[in-house]
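Structure record follows, encoded as structure tokens.
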Amino acid sequence: MAQAIIQDGVTLEVYEEPPLRERIGTWSSTAWHTMRTHPTLLFGMAILVFMSLIAIITFTPADTLIARYDPQELSVRERIEAPSMEHWFGTDGFGRDVYARTLHGSKVSLRVAASVAVLVSVIGVTLGILVGYNRMADNIVMRIMDGLMSFPTLILALALVATLGSSLNNVVLVIVIVDTPSMTRIVRGVVLSLRERTYVEAARASGASTSRIMIFHIAPNTLAPVIVQASVFFAGAILTEAALGFLGVGIPEFIPSWGNIIASGRSYIRIGFWIAFFPGVFLGLTVLAANLVGDGLRDVLDPRLRGAE
């Protein structure tokens, strides 16, 4: 909103920021328009929100109303029962309710994925900006990253877990170490392009410090590719955690996660396929949703694709 002010015979226009209510309304309408024009993004967001709500509810007293059973409760008499009205997803080899374990598994798997996505983004952006703007740091840090990327992802993860031990925090740490080089390389490439832009040169010529240029001029312009890649690492973290759990070297078996549940069902695949099937469906839907969100965000945030619409 502009207001005309006359000062010394000269008419000046002063722009005032609109009220918070108007800004929220603008953001809401923009977000809704984006969702309507990108149905795959809407579908992916709906699945992720649904899975997140399930994971959040398992932390609350309402868990007993939704999960119905204790995921750790053993029942020798109800071993490997097929899905029924009593046990919606059946039971496993120890008589534990697969439905309850699948819901509680979402809490662990999504926690791992979200932690990995946030940590990889923060570390990757920090290192990427540093090495992209400082040639000496580039020669040192990127050689380390190249060394980490030379190993196959799963092999490196297995080696690190074997060294650090099996625990939830160690699994998160291992996946962060494995994925950080990729994010660092992506951010570095963006920074190498941004550092030659006119506005960066202008800031440098005006006497702005290196830290100010990196924080206020370069870092904000790396957010678009970082957000898109974070969704990819979110999906990849779920798969890596599941792979480690399936191989028996990830999160301890007594902690229900989708990977652990699937691993526990491989011995009964012929007589109790449901043990691995239902957590596999949840895992597959979540990974699909994360990839759909990543594709949708890429279409929304890429100015070249926006101009093509």
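Which ordering of 278, 94, 216, 233 is given by a fewest-first count of other beta-carbon atoms within 10 Å?
Fewest-to-most ranking of 278, 94, 216, 233: 216, 94, 278, 233.
Would you kindly calculate the mean projected area, averaged across all directions, of the convex hull enclosing the Cα atoms of the stretch 243-306, in square nanometres?
On the way: hull surface 22.3 nm².
Across all orientations, the stretch 243-306 yields a mean hull projection of 5.6 nm².
Below 8 Å, C-alpha to C-alpha, sequence gap of six or more: please give me the relative contact order for the stretch 124-197 in percent.
Working: 58 pairs, mean separation 40.1, N = 74.
Dividing the mean separation by the residue count of the stretch 124-197 yields 54 percent.
Which of the listed residues, 43, 161, 227, is farthest toward the dipole's positive end in the chain, when Lys, Arg count +1 and Asp, Glu count -1 at the beta-carbon?
About the Cα centre, the residue reaching furthest to the positive side is 161.
Taking the mean number of other Cβ atoms within 10 Å as a proxy for protection, how do you rank 237-244, 259-266 from highest to lowest?
Per-residue mean Cβ counts within 10 Å order the peptides as 237-244, 259-266.
Explain nothing, just the number: dipole magnitude of the stretch 117-237 about its Cα centre with +1 on each Lys and Arg Cβ and -1 on each Asp and Glu Cβ, in debye rounded to the nearest 20.
The dipole magnitude comes to about 260 debye.
For Cα pairs less than 8 Å apart in space and 6+ apart in sequence, what is the mean separation divided by the residue count of the chain, i.e. the relative contact order in percent? Walk me through the intermediate numbers first.
Values: 419 pairs, mean separation 69.3, N = 309.
Taking the mean separation of contacting Cα pairs over the length of the chain, I get 22 percent.
Computed FRET efficiency, Cβ-Cβ of residue 202 and residue 53, R0 51 Å: what is it to the nearest 0.05?
On the way: r = 47 Å, r/R0 = 0.92.
Given R0 = 51 Å and the Cβ-Cβ separation, E is 0.65.
Calculate, axis by axis, the spread of Cα positions in the stretch 60-162 along the three principal axes, and write the results as whole Å, longest axis first.
Taking the Cα atoms of the stretch 60-162, the three principal extents are 65, 30, 18 Å.
For a quick protection proxy, order the peptides 47-53, 288-294 by their average other-Cβ count within 10 Å, most packed first.
Per-residue mean Cβ counts within 10 Å order the peptides as 288-294, 47-53.
Pick out, from 115, 62, 88, the residue whose Cα sits farthest towards the positive end of the charge dipole of the chain, with +1 on the Cβ of Lys and Arg and -1 on the Cβ of Asp and Glu.
115
Measure off 7 Å from each Cα along the Cα-to-Cβ vector at residue 126 and residue 212, then give the distance between these two points in nanometres to one decimal.
2.3
Normalised by the residues of the stretch 177-309, what does the relative contact order come to in percent, with Cα pairs under 8 Å and at least six apart? Walk me through the numbers on the way to the answer.
On the way: 104 pairs, mean separation 27.6, N = 133.
Here the relative contact order equals 21 percent.
Just the Cα atoms of the stretch 182-224: what Rg and Dmax do they give in Å?
Rg, Dmax (Cα atoms, Å): 10.4, 34.
Across 10 Å bins from the origin, how do the percents of Cα pairs in the stretch 47-92 run, short distances first?
All Cα pairs considered, the percentages come to 23, 43, 30, 3.
For the chain, with only Lys/Arg (+1) and Asp/Glu (-1) charged at the beta-carbon, what is the dipole magnitude about the Cα centre, in debye rounded to 20?
Details: 23 positive and 24 negative charges, 117 e Å.
Magnitude of the dipole: close to 560 debye.
With θ set to phi - 60° and the Karplus curve 6.51 cos²θ - 1.76 cosθ + 1.60, what are the ³J(HN,Hα) couplings of the stretch 61-68 in order, to the nearest whole Hz, using x for Gly and Pro?
x, 5, 4, 5, 7, 9, 6, 6
Need one number: the % of Cα-Cα pairs in the stretch 144-275 sitting beyond the 26 Å mark.
It works out to 43 percent of all Cα pairs.
Which length gain, in nm to one decimal place, applies between residue 146 and residue 192 when the Cα-Cα distance is subtracted from 0.36 nm times their residue separation?
On the way: separation 46, 0.36 × 46 = 16.56 nm, distance 1.75 nm.
Once the chain is fully extended between residue 146 and residue 192, it gains 14.8 nm.
Tell me the label only: which of [x] 24.5, 93; [y] 21.4, 84; [z] 19.0, 69 is Rg and Dmax of the Cα atoms in Å as calculated from this structure?
[x]
Quick one: among 236, 147, 280, which has the greatest mean-square fluctuation in a GNM of the chain with alpha-carbon springs under 10 angstrom?
With Cα springs under 10 Å in the chain, the top fluctuation among 236, 147, 280 is at 147.
Cα gyration tensor of the stretch 198-309, axes a ≥ b ≥ c as square roots of the eigenvalues: rounded (a/c below 1.5), prolate (a/b > b/c) or oblate? Walk me through the numbers on the way to the answer.
Values: a/c = 6.76, a/b = 2.45, b/c = 2.76.
It comes out oblate by the Cα gyration axes.
Read-outs throughout are calculated quantities, based only on the coordinates presented, and are distinct from any laboratory measurement. Just so you know, these numbers come straight off a predicted model, no measurement behind them. Cβ sites come from the backbone with ideal geometry, for glycine too, and all protein chains shown count toward neighbours.
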